[in-house]
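Below is one structure, written out as structure tokens; comments come after it.
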Amino acid sequence: MALAETTGTVAAVITRSSTTDPFLAACRSQPARHRPVWFMRQAGRSLPEYRALRGNGTILDAVRRPEVAAELTLQPVRRYGVDAAILFSDIVVPVAAVGFGVDIQPGVGPVVERPFAGRDDLRRLRAIEPDNDIPWVAETVRILVKELKVPLIGFAGGPFTVASYLIEGRHSQDYARTKRLMYTDPATFADLLDRLADLAISSLRAQVRAGAQAVQLFDSWVGCLAPGDYRRYVLPATAKVFAAVSDENVPRIHFGVGTGELLGLMAEAGADVVGVDWRVPLDKARRRIGPGCALQGNMDPAVCLAPWEVVAQRARTLLAAAGAGPGHIFNLGHGVLPDTHPDTLARLVDFVHAEGDRPEP
């Protein structure tokens, strides 16, 4: 298929589905025929079919195989009946592709061979050329656009979270090295986040132009910052990402963990939807975020390990806190835990569709 034909097909799919799709309507704070549901990390370790297909390879190995990555994306849509798919990938794919020396170790997460230590390491972060460096990402998206009957969410890592991995070398409990660089050499830290913002922009644009109908910026670890530090050191780079993809005309979702005090700033960065973790009730989150921005979340993932009666009651309470108006996407407050029974999530989707049902006007 020629590029012009592909672009036209993608545009037709987006135009056709965006006017009636519950997930896309909720992202735009418009009435939807039912409360949409999807789960972060829904394509993952809790599904036996996922483990069987992944085998012993790393996530990065699977991401580089479009047919495999597409199938891993599709598995939870079939199993759960969710209202959106999220591309099977990882936030470190761009920095790994430009040769920074990042791998993903099972049970550990991203690990950096030689962590970022100072200004000289900026030269290790060249611009990414999606068609040459990560062509498998767009190919996976194109496969999914043909197969899916629900929107596909593309994503990238937030500049701060990716920076924290590069500086710390792996996940950290206190982000001491990251904050030390931020406070002692703010110019270098700003340049690092700016380059990571450019990587995120290029990656997101490539995903959208291949057919993704929404994007999410995972800034998972930004909740370690005080609001003043977020505004000064992180907001400019994050806002740059959202502004750069605004002309793609797809909903933009912003998510972090432990961000109760940052919710208003996260909306200010330019998101159409702010993801909320389980620590803040959605009615309070809505007041902090303000009007004109939808909410996503926010059941504690651990609740899904409890008996069904507990799961149902917590979901009912969450729906009540979210309110009956438009602009809420049901999700967990973080990713699905590995020990979650798949039947619980499938049952939860049915429950939310029934309990949160709102007919279109």
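Quickly rank 230-238, 117-125, 56-64 as a protection proxy: mean count of other C-beta atoms within 10 Å, highest first.
On the way: 230-238: 20.7, 117-125: 13.1, 56-64: 16.4.
Going from most to least packed, we get 230-238, 56-64, 117-125.
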Worksheet, complete the sentence: Nearest-0.05 FRET efficiency for Arg316 and Arg45 at R0 = 25 Å, using Cβ-Cβ distance, is 0.35
Fill in: Nearest-20 debye value, the chain charge dipole, Cβ charges on Lys, Arg, Asp, Glu
380
Discussion item. Counting only other residues whose beta carbon sits under 12 Å from that of Cys293, what net charge do I get with K and R as +1, D and E as -1?
Written reply: +3
Worksheet item: How high is the FRET efficiency from Arg177 to Ala52, r the C-beta distance, R0 51 Å, rounded to 0.05?
Response: 0.85
Response to the item:
Between Ala187 and Ala324, the two model label points (7 Å from Cα along the beta-carbon direction) sit apart by a distance in nm of 5.9
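Just to be sure I understand the rule: take each whole DSSP H helix in the chain, project its Cα atoms onto its long axis, keep it if the span is 27 Å or more and its mean Kyte-Doolittle hydropathy is at least -0.5. Which ones pass? Working shown, then result.
On the way: long enough: 186-210 (36 Å, 0.40).
Helices passing the filter in the chain: 186-210.
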Discussion item. Could you work out what % of the accessible surface of the chain is carbon and sulfur, using a 1.4 angstrom probe and leaving DNA, RNA and ligands out of the count?
Written reply: 51
Worksheet item: Among Gln173, Gln42, Gln296, which one moves the most in a GNM of the chain with springs linking Cα atoms closer than 10 Å?
Response: Gln173
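Would you mind putting 205-215, 70-80 in packing order, based on average other-beta-carbon counts within 10 Å, highest first? Show your work: numbers first, answer last.
Values: 205-215: 24.4, 70-80: 21.3.
Order by mean packing, descending: 205-215, 70-80.
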Item to complete: Indicate, rounded to the nearest 5 percent, the antiparallel portion of the DSSP beta bridges found entirely in the chain.
Response: 15
Worksheet entry | Per-q log10 I(q)/I(0), the stretch 149-289, q = 0.12, 0.13 Å⁻¹ (Debye; single scatterer per alpha-carbon; no solvent) | -0.45, -0.53
Practice prompt. For an R0 of 30 angstrom, estimate the FRET efficiency from the Cβ-Cβ distance between Ser246 and Arg279 and round to the nearest 0.05.
Written response: 0.55
Response to the item:
Placing each pseudo-label 7 Å from Cα in the direction of the beta carbon, Asp103 and Ala226 end up separated by a distance in nanometres of 3.9
Discussion item. If I model a spin label as a point 7 Å beyond the Cα along the Cα-Cβ vector, how far apart are those points for Glu129 and Thr20 in nm?
Written reply: 4.3
Discussion item. Using a probe radius of 1.4 Å on heavy atoms only, what accessible surface per residue do you get for the chain? Whole Å² is fine.
Written reply: 41
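The values are calculated or read from the model by the stated rules, or taken from the named source; none is laboratory data. Remember, predicted model here, so these are calculated numbers, not experimental data. Quick reminder, even Gly has a Cβ in these numbers, built from the backbone with ideal geometry, and neighbours come from all protein chains shown. The accessibility values were calculated without ligands, DNA or RNA, using every heavy atom of the protein model including side chains. Shrake-Rupley method; radii C 1.70, N 1.55, O 1.52, S 1.80 Å.
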